[in-house]
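This report refers to the structure that appears directly beneath it.
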Amino acid sequence: MSAFTALVRRDVALATRRGGEAALTLGFFVITIALFPFGVGPDPELLGRIAAGIIWVTALLAAIVSLDRLFRQDLEDGSLDLLALSPMPLELVVLAKCLAHWLVTGLPVTLLAPVMGMMLQLDPEAYAPLIIGLALGTPALSLVGAIGASLVLGARRGGALIGLLVLPLYIPVLIFGISAVEAALAGLPVLPHILIEGAVLVVSLPLAAFAGAGALRLAMD
Amino acid sequence: MDPDSRNPALIAQSLSCERGGRHLFAGLDFALAPGDALVLRGPNASGKSSLLRVLAGLLEPTEGQVLWHGKDTREDPADWRRSLAFLGHGTALKPQFSVGDNLGFWSRFEQASRTPAEALEAVGLSHLADLPASMLSAGQQRRLALARLAARPGGCWLMDEPTVTLDAASVEQLSAMIAQHRAEGGIAILATHEDLAVENAAVLTLGVRS
Amino acid sequence: MPSLLHSLASPARFQRISAHVFPWAAVLATGLIGCGLVWALVFVPPDYQQGDTVRVMYVHVPAAWMSMFCYAVMAVLSVSFLIWKHALADLAARASAPIGAAFTTVALITGSLWGKPTWGTYWEWDARLTSVLVLFFLYLGHMALSNAFDDRERGGRAAAILAVVGAINLPIIKFSVEWWNTLHQPASVLRMDGPTIHSSMLWPLLVMAAGFTAFYVVLLLIRIRSELMARRIEVLQRHRAAEGA
Amino acid sequence: MAAFLDMGGYAATVWPSYGVTAVILIGLLVFSLRQLAKRREQLDALEAERERSRNP
């Protein structure tokens, strides 16, 4: 397992260096959310009603913008060949890279969500389901996103394609994340929604591992 | 030199490769025992890189198989991958990391038996260990990539144009490195245009297309 | 040379089968759709609730069925291509995607036109419409990915992986959209599937659906032939480039 | 006939639906056939070129 942790640590270190992905993605997340009050007006009641939706949709977009470089650099500098030739299965390489991607994008987004919620006048009832939902949903975003990122390797206009491929597949993650918040606001039980969000994460684990590894093998061929 | 009499470790059997509807090579057979070296020669696009990638297991051969200590490297790749060190066109370096960190990652990831410090010593880069890799010249970056192989003695080195961008002194250093690797029972297979001094190496010339 | 023969074997068989099937499919498609059109537009009585708008059903519903059928075919072809590396499966999957996208577009537009008199709006975020919209996006992604590579075969293989991932996701997407829709309780619910459908309406619908299926086969055969030629063109162009070098 | 065209007052719903269906499906058919013809032409030219280069 030490090869796995070595890879996760390298990718996190790369993303958190000066000019790395992590800060840029978080900046994108915060700025995009700050645009909404300009777009729909500063009315606290309106903002409060759509706050959870804004945060979730922006979290989806933040996951997308950082995906293009998930495998591309490793492909271009030859690292991917070496990752594929290690005794560790390529499926685990994909999962390690997804974990690193989540640690530098999904996790900070989840941690920042309460602050953003406060700025958008989110209902106090909604904080817990929003954050738990994000904690379960954002890893699924990294995993499903990795499938898209690996499929477009070597494609023309790869970066622009990722969004088209991945966003439709993100819809369930978004829906169950939001429905947890809606249930809390309506005074209904939240747990079923959270459990389904967890199930989506569980399904996306093997899906990303196998589809991602298959697409990477294709890209190196 | 009759490799079969010395218990070959790596055997290629009737390897064929086809890329984009074009036959690169067909029916290649060779066997290499510990300490052997094989030099691949041939013009550009003759399939040297593809052969190395087929041997490594990155590319599927159209026909044939590669055996490592009697095991098919496609069906049972674990032993082969533990013994294999691959140097492709890319240097697999991250410019943001220091020289030492770059090598350190690959050493941990590939579970190298030599320490990064020893490997840097072998390619003469010890004094630059704390510099960012982006500051290195192309030749120095290539040497750093070679240090990754130096950290993993004893197995099989697959090297694609290892001398590219190297100066004369570094080429000599590489010759010595390969010689030592072979003396320790390693196998080296390299594709190269130039005349890198590799003593007693078998030569395979590709590029005679049918 | 043997590998060249091998690669020609299945396309040659396809050409033979296609030559037999194509005329039948063409005749069936023309006959059934012609028949269905007259039946649906002239002989079917207006619905007691929806009046003549119900006639939209005879193009909308078969198109919606075909949009899902096409994706299912693509997914099966992609799986067989990924597992057994059957080259023709790849071509057929690529050839299917634009047809599926066309049927999906028809379903969306006719659904929207039908929505105006029944729901009072062109677009309702109804569970069905929404999941068909997502299906449309999946088709777009598949087409974009399969054409995004300089090497056609690379594009085909990437698109095959995407088609399988999409197929695994489709039930989850459909379920989630329905869940989301019930959670939000749409304002106007006048379901077209309310009363069980009368046989005077069912028969022309089935005739139309059969006609659409035959039309799908016609289009598919044309497009597979076209894909085969495109592949052959690429091989010949590569040869010429290699000889020129 | 006028009553038929009027579609019980829903002409604006029924006829565009059938029209759009026809345009899209026949459009794809025509597009596919033209693409096929174009590729056949290109393929014939390439094959002829190959024949010429083989037996000059």
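Here's the yes/no breakdown for (1) at the interface with chain C (Cβ under 7 Å from one of its Cβ atoms); (2) open to solvent by less than 70 Å² (accessible area, probe 1.4 Å); (3) at pLDDT 85 or above:
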{"position": "D:Y10", "(1), (2), (3)": "yes, no, no"}
{"position": "D:V20", "(1), (2), (3)": "yes, yes, yes"}
{"position": "D:L25", "(1), (2), (3)": "yes, yes, yes"}
{"position": "D:A37", "(1), (2), (3)": "no, yes, yes"}
{"position": "D:Q42", "(1), (2), (3)": "yes, no, yes"}
{"position": "D:P56", "(1), (2), (3)": "no, no, no"}
- prompt: Of all helices (runs of 4 or more DSSP H) completely enclosed by the stretch A:86-166, which ones contain at least 3 residues that are closer than 30 Å to C:F136 by Cα and in contact (Cβ under 8 Å) with a residue 24 or more places away in the chain?
  reply: A:90-101, A:127-151
task: Considering each residue of the stretch B:5-27, count those that are surrounded by 19 or more Cβ atoms within 10 Å (Cβ to Cβ) and touching a residue at least 60 places away in the same chain (Cβ under 8 Å), and give that number.
output: 4
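If you take the residues of the stretch B:181-195 that are in contact (Cβ under 8 Å) with a residue 40 or more places away in the chain and not small (G, A, S), which of them is most open to solvent (accessible area, probe 1.4 Å)?
If we filter the stretch B:181-195 for residues that are in contact (Cβ under 8 Å) with a residue 40 or more places away in the chain, which is where we start, we get B:182-183, B:185-193.
Then drop every residue that is not not small (G, A, S), which leaves B:182, B:187, B:189-190, B:192-193.
Working: B:R182: 38, B:I187: 2, B:I189: 0, B:L190: 0, B:T192: 3, B:H193: 99 Å².
Applying the filter and picking the extreme gives B:H193.
I'd like to verify a number: residues in the stretch A:104-117 that are within 13 Å of A:A63 (Cα to Cα) and crowded, with 19+ Cβ neighbours inside 10 Å, how many?
From the stretch A:104-117, those within 13 Å of A:A63 (Cα to Cα) are A:104-110; that's our starting set.
Among the residues that remain, those that are also crowded, with 19+ Cβ neighbours inside 10 Å are: A:104-106, A:109-110.
Residues in the stretch A:104-117 being within 13 Å of A:A63 (Cα to Cα) and crowded, with 19+ Cβ neighbours inside 10 Å: 5 in total.
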- request: Could you identify the single residue in B:P61, B:P43 that is touching a Cys at 6+ places or on another chain (Cβ under 6 Å) and open to solvent by 20 Å² or more (accessible area, probe 1.4 Å)?
  value: B:P61
statement: If you go through A:G159, A:G177, A:G198, the only one that is more than 12 Å from chain C (Cβ to nearest Cβ) and small (G, A, S) is A:G198
message: Pairs needed: first member in the stretch B:57-73, closer than 21 Å to A:P89 by Cβ; second member anywhere, open to solvent by less than 40 Å² (accessible area, probe 1.4 Å) and acidic (D, E); C-beta distance under 6 Å; at least 6 residues apart or different chains.
response: B:L58/A:D81; B:Q65/B:D72
query: With respect to C:E153, is the statement that it is among the charged types (D, E, K, R), under 19 Å from A:G214 (Cα atoms), open to solvent by 20 Å² or more (accessible area, probe 1.4 Å) and in contact with a helix residue (DSSP H, G or I) (Cβ under 8 Å, 6 or more places away or on another chain) true?
result: yes
- request: Run down B:V198, B:V164 and say which single residue is of a type outside the set (G, A, S), in contact with a helix residue (DSSP H, G or I) (Cβ under 9 Å, 6 or more places away or on another chain) and modelled with pLDDT under 85.
  value: B:V198
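Can you pull out the residues in the stretch C:210-226 that are more than 9 Å from chain D (Cβ to nearest Cβ) and of a type outside the set (G, A, S)? Full working, then the answer.
Taking the stretch C:210-226 as the starting set, the residues that turn out to be more than 9 Å from chain D (Cβ to nearest Cβ) are C:210-211, C:213-214, C:216-217, C:220-221, C:224.
Residues satisfying the conditions are C:T213, C:Y216, C:V217, C:L220, C:L221, C:I224.
The values are calculated or read from the model by the stated rules, or taken from the named source; none is laboratory data. Computed from a predicted structure; not experimentally measured. A quick note on method: Cβ atoms are made from the backbone with ideal geometry, for glycine too, and the neighbour counts reach across all protein chains shown. In case anyone asks, the SASA skips ligands and DNA or RNA and just uses the protein heavy atoms, side chains included. Shrake-Rupley method; radii C 1.70, N 1.55, O 1.52, S 1.80 Å.
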